[in-house]
Amino acid sequence: MVFSSNIFLIYFLPIFLIMYYISPKGWRNVVLLLFSLVFYAYGAPDFILLLVGSCVANFYLVKLMHNSENKLTKKLYCAAAITISLGLLIYYKYANFFIDNINILLEAFGAHTITFAKVLLPIGISFFTFQSITYVIDTYRGNNQPMKRLHDYVLYIMMFPQLIAGPIVRYCDIEQEIRHRDYNWEETMHGFYRFIIGLSKKVLISDVIGIQVDRMLAGDIALFDSGTAWITIIGYTMQLYFDFSGYSDMAIGLGKMMGFHFPENFDNPYNSRSITEFWRRWHITLGAFMRNYLYIPLGGNRCSKPRMYFNLWIVFLLSGFWHGANWNFLIWGAYHGIWLVLERMGLKKFYEKIGMIPSVLITFVLAVIGWVFFRIENFHDATTFLSRMFAFDFNTIETVYDNQFYTTLIVALIFSFFCLLPFGKKIQDFVFYGKYTKIQHIIVWIIAVFLLLFCLGAFNSVGFSPFIYFRF
């Protein structure tokens, strides 16, 4: 089930909210858990028992770990819990990749290849795996106490707003809200507005651009002129951002409607003046996970410069591999890692000298180039596309996109860079966090309802598309 669908917006969400609000406070966690199980089972019924089973195993292993007074035993329980989570992720996400590459080597040496049934990827496995790991490690470190009730832990992992594509939520950040949540109508309304903003990003911007970008990339990219190649990849740059940030907005909005405060996941990443800053603004919770549970344990920046550069690069190499079991994702991660190292070596000083606008434009172009390897998963096709981008062949540009695409792309670009201006940032902050008067609430509510109707009309006419990060 996806948020931008009839089944969710017309049936699931209204029924859930009615049941949630009429339930006594002590039963709301149970209601949320039951609906979360239905939500996941609707889209991935074959994997629901696997997910619940891993939750049960981790819950009791963490309890045993916490209660153990022997340091070695405590470490063993911690390792067992992490192994279960990572083991499932490695098997379901990377088994096909490893066996395919082994078969390539076997073929090269004339040996018999391995025959196997393709492993299906459970929806959202990367996100609930990372979330379970944060709980295990934070409990081991003493950042939080283990949960007392199994159903509260399963709720923390399987809460439907952020189950499929984040944001990655640490238990210590919402520990109190799982136990007790205060509600007020203004928070609920802000949650509704935020949900509609995210839905509009997805349906009215990302999907409109994405339909035509996907059509173009399904063709022969070797025939692209440079103008078409740049327009196409900039279109994908906007499609991905408004799709993923739209999901995060919807998750945060739904959380607010229930009394939860999930962390922000995006902060206008295309306004960044360096790739380092870009990664502080893009997929913020993944960056925090990589920093807290990988970069710092590797030594972080508390070591020699060569080791620090290696730590940065390896973290982003693994970040790329997390995004997908494909060599191009590794290249994409290594590409970003190289720019991060170069910025630490002095490139950031150059950005500071040339000023905000040039540095933002350079960073945006670097990010756009990186998205080529993210979107085009075949290495040969990706290099072909890059060669067309830099062929400087602008003499045969054809109108391959319609006016709706160009209009939507311009709107997307305006919104992407709107917060570079001080008043743009103030407007965004007021829309997301401001205290509204009753008149303002009425006006914004009317706008939100109209946007909801537009979204319903849009995906009823062209159908819905799944979120891009569902497959990660």
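Each value in this text was obtained by applying a stated rule to the coordinates, not by laboratory testing. Note that the structure is predicted; figures quoted are calculated from it, not measured. As a convention, Cβ positions derive from the backbone with ideal geometry for all residues, glycine included, and neighbour counts pool all protein chains shown.
Each semi-axis of the equivalent ellipsoid for region 94-162 is √(5λ) with λ an eigenvalue of the Cα gyration tensor; in descending order they amount to 39, 15, 9 Å.
For the pair ALA117 and LEU298 in one chain, pulling the backbone fully straight at 0.36 nm per residue adds 61.5 nm over the alpha carbon distance. Using all pairs of distinct alpha-carbon atoms, the Kirkwood hydrodynamic radius of region 298-339 works out to 10.2 angstrom. Since only VAL360, SER304, PHE415 are under comparison, the one whose Cα sits farthest along the positive direction of the charge dipole of region 293-440, derived from C-beta charges on Lys, Arg, Asp and Glu, is SER304.
Charge dipole (Cα centre; +1 on Lys/Arg Cβ, -1 on Asp/Glu Cβ; no other charges) of the chain amounts to roughly 1680 debye.
For region 176-289, the equivalent ellipsoid derived from the Cα gyration tensor has semi-axes of 34, 17, 10 Å, listed largest first.
In the chain, the calculated helix contribution to ellipticity at 222 nm averages -22500 deg cm²/dmol per residue, counting -39,500 (n - 2.57) for every DSSP H run with n ≥ 4. For a distance above 13 Å, tell me the whole-number percent of Cα pairs in region 36-86 that qualify. More than 13 Å apart: 60 percent of the Cα pairs in region 36-86.
By the compact-protein rule of thumb, 2.2 N^0.38 Å, the alpha-carbon radius of gyration of region 104-231 corresponds to a ratio of 1.63. Each Cα pair under 8 Å and six or more residues apart adds its separation to the average, and for region 54-191 the resulting relative contact order is 27 percent.
Binning all Cα-Cα separations of region 249-365 at 5 Å, short to long from zero, yields these whole-percent fractions: 2, 11, 16, 21, 19, 15, 9, 5, 2, 0. Between the DSSP loop rule and a limit of at most 11 other Cβ atoms within 10 Å, which trypsin sites (Lys or Arg not before Pro) in region 135-167 are left? Taking region 135-167 and a limit of 11 other Cβ atoms within 10 Å, the loop trypsin sites (Lys or Arg not before Pro) found are LYS148.
With the largest listed first and rounded to whole Å, the semi-axes of the equivalent ellipsoid of region 146-186 from the Cα gyration tensor are 17, 15, 10. Relative intensity of region 1-128 on a log10 scale, I(q)/I(0) at q = 0.16, 0.21, 0.22 Å⁻¹, equals -0.97, -1.16, -1.19, per a Debye sum over C-alpha point scatterers of equal strength in the absence of solvent.
Normalised by the number of residues in the chain, the mean separation of alpha-carbon contacts (under 8 Å, six or more apart) gives a relative contact order of 19 percent. When the charge dipole of region 72-217 is built from unit charges on Cβ atoms (+1 for Lys and Arg, -1 for Asp and Glu) and taken about the Cα centre, the candidate among MET216, TYR183, ILE104 whose Cα reaches farthest toward its positive end is ILE104. Compactness of region 47-119, taken as the C-alpha radius of gyration over 2.2 N^0.38 Å, stands at 1.58.
Longest stretch of the chain clear of exposed loop sites (GluC sites (Glu not before Pro), DSSP loop, at most 16 other Cβ atoms within 10 Å, sites excluded): 70-263.
Annotation for region 341-394: chymotrypsin sites (Phe, Trp or Tyr not before Pro) lying in DSSP loop with at most 14 further Cβ atoms inside 10 Å of their Cβ are PHE390, PHE392, PHE394. In straight Cα distance, which lysines are under 30 Å from LYS75, not counting same-chain residues fewer than 8 positions off? Hits, sequence-local ones excluded: LYS63, LYS93, LYS148. For region 6-73, the pair-distance distribution built from all alpha carbon pairs, in bins 10 Å wide starting at 0, is 17, 32, 29, 15, 6, 1 percent. Rg over Rh of the chain, using C-alpha atoms and the Kirkwood radius, what does it come to? Rg/Rh: 0.96. In region 301-419, the C-alpha radius of gyration followed by the widest Cα-Cα span (Dmax) gives 17.3, 54 angstrom.
Within region 58-110, the chymotrypsin sites (Phe, Trp or Tyr not before Pro) that combine a DSSP coil assignment with at most 16 other C-beta atoms in a 10 angstrom radius are PHE109.
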